[in-house]
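Notes to accompany the following structure.
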Amino acid sequence: MNCPECDAILSIPDDSTEGEIISCYDCGADYEIAGRDGSEVKLKQAETIGEDWGE
Ligand SMILES: [Zn+2]
């Protein structure tokens, strides 16, 4: 699995589960595991909007 942003190899633990956040060590992008299909892991862009709560 490669980072969609920078193509660095993402290391996803074998025991990772849906909803876990994977961070790219290279560009720092966060991805959420959207599901698994056998050995294939599907990622979606993690929602980073809202990090600044401002309160
Ligand atoms: Zn990356």
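The values are calculated or read from the model by the stated rules, or taken from the named source; none is laboratory data. No experiment lies behind these values; they were computed from the predicted model shown. Cβ coordinates were reconstructed from backbone atoms using ideal geometry, including for glycine residues, and neighbour counts include every protein chain displayed.
Residues of region 22-47 being more than 14 Å from the ligand (Cβ to nearest atom) and either surrounded by 12 or more Cβ atoms within 10 Å (Cβ to Cβ) or farther than 13 Å from PRO4 by Cβ (or both), which ones? First the steps, then the outcome.
Kept after step one, since they are more than 14 Å from the ligand (Cβ to nearest atom), are these residues of region 22-47: 32-42, 44, 47.
Within region 22-47, GLU32, ILE33, ALA34, GLY35, ARG36, ASP37, GLY38, SER39, GLU40, VAL41, LYS42, GLU47 qualify.
May I ask you to say which residue of CYS6, CYS24 is on the phi < 0 side of the Ramachandran plot and modelled with pLDDT of 95 or more?
Criteria check complete, one pass: CYS6.
Determine, yes or no, whether ASP30 is among the charged types (D, E, K, R) and modelled with pLDDT under 90. Outline the logic, then answer.
Working: among the charged types (D, E, K, R): yes; modelled with pLDDT under 90: no.
When the stated conditions are applied, ASP30 does not pass them.
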